[in-house]
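Step one of this worksheet: look at the structure below.
The values are calculated or read from the model by the stated rules, or taken from the named source; none is laboratory data. Model, not experiment: these values are computed from the prediction. Here the Cβ positions follow ideal geometry from the backbone for every residue, glycine too, while neighbour counts run over all protein chains shown. Note: accessible area is taken over every heavy atom of the protein model, side chains too, but ligands, DNA and RNA are not part of it. Shrake-Rupley method; radii C 1.70, N 1.55, O 1.52, S 1.80 Å.
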Amino acid sequence: MEKKELLYEGKAKKLFKTNEEEKLWVTYLNQATALNGVKKDTIAGKGQLNNQITSLIFSYLKQAGINSHFIQQISETDQLIEAVKMFPLEVVIRNVAAGSFSKRLGISEGTALDFPILEFYFKEDKLDDPMINEDHIAYLKIATKSEVQQIKELAHRINLALIQLFKDIGIRLVDFKLEFGKRQDGTIILADEISPDTCRLWDLATNEHLDKDIYRLDLGDLVPVYEEVLTRLKKLN
Ligand code: TMP
């Protein structure tokens, strides 16, 4: 597989074309951002940790019957993925109140939710990724009603699989963000990444943060915490 020209550079990843049209090359970067890019730092080792964690989680989900764009990990920091048309959506699922949910609704962090709550955000940096609903999605022609339905169903299935995965390694899955893409034949699949950058993970025994809140809230060094998540995931395989 040959790496070709840069297609896109995001906050945490670079995306390259390859010699095969339907495959893309992703390089995970050592960059950490928060507050929509206002807080920004380079953290040595972060890229390879998120690449390895995402690769293990996407492989686990595949075994659980959930397809994603992930093809294979090709180096510590790189993976090969299927080229799909991304929906400009961030799909957040919450099992426990935290973060913007707690702030917006005045519900104490750590309150277990009676059922998983799904939220949509419009992925548009210049608007600061606003929260939107299904009518907004239809009006903006981001996805059809049937596609939204499929995305919701997939997100809830992924939630159930991830709750179990993390429970098995002593972690409470508080909330997380997913992104989805569409193949040329219209099939919707999971895309982007699932890592401590995109999830809130609390240690089941101690409630310690094992995720990017360490960086967002200036709680200490992120690298040993992400290493801990990777070590626990590796023990499962
Ligand atoms: P929030 O509480 O800040 O809305 O975040 C909910 C979850 O979504 C949390 O696990 C972090 C994740 N997330 C992202 O991965 N990217 C984002 O841009 C945002 C806002 C949240």
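Data table
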quantity	calculated
Pick from region 91-116, criterion within 30 Å of LYS141 (Cα to Cα) and open to solvent by 30 Å² or more (accessible area, probe 1.4 Å), ranking: farthest from the ligand (Cβ to nearest atom)	PHE115
Residue tally, condition open to solvent by less than 50 Å² (accessible area, probe 1.4 Å) and within 16 Å of the ligand (Cβ to nearest atom), over region 69-87	1
Criterion violated by ALA44 - all others in (1) among the aliphatic types (A, V, I, L, M); (2) assigned to a loop (DSSP other than H, G, I, E, B); (3) in contact with a Lys or Arg (Cβ under 6 Å, 6 or more places away or on another chain) satisfied	(3)
Test: LEU127 is hydrophobic (A, V, I, L, M, F, W, C) and away from the ligand (no atom under 16 Å from the Cβ)	no
Subset of region 22-42 that is open to solvent by less than 40 Å² (accessible area, probe 1.4 Å) and among the hydroxyl-bearing types (Ser, Thr, Tyr) - its residue that is farthest from the ligand (Cβ to nearest atom)	THR27
Criterion violated by ASN207 - all others in (1) within 16 Å of the ligand (Cβ to nearest atom); (2) under 17 Å from the mean Cα position of the chain (by Cα); (3) of a type outside the set (Asp, Glu) satisfied	(2)
Whichever residue in region 181-197 is among the hydrophobic types (A, V, I, L, M, F, W, C) and crowded, with 24+ Cβ neighbours inside 10 Å and, among such residues, is farthest from GLN52 (Cα to Cα)	LEU190
Qualifying residue in region 213-227 (condition: in contact with a Gly (Cβ under 6 Å, 6 or more places away or on another chain), surrounded by fewer than 16 Cβ atoms within 10 Å (Cβ to Cβ) and β-branched (Val, Ile, Thr))	yes
Output for region 198-212, where each listed residue is among the hydrophobic types (A, V, I, L, M, F, W, C) and open to solvent by 80 Å² or more (accessible area, probe 1.4 Å)	LEU204, ALA205
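Results for (1) among the β-branched types (Val, Ile, Thr); (2) open to solvent by 30 Å² or more (accessible area, probe 1.4 Å); (3) more than 13 Å from the ligand (Cβ to nearest atom); (4) part of a helix (DSSP H, G or I), shown as yes or no for each residue.
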{"site": "GLU119", "(1), (2), (3), (4)": "no, no, no, no"}
{"site": "ALA138", "(1), (2), (3), (4)": "no, yes, yes, yes"}
{"site": "VAL148", "(1), (2), (3), (4)": "yes, no, yes, yes"}
{"site": "LYS152", "(1), (2), (3), (4)": "no, yes, yes, yes"}
{"site": "ILE158", "(1), (2), (3), (4)": "yes, no, yes, yes"}
{"site": "VAL174", "(1), (2), (3), (4)": "yes, no, no, no"}
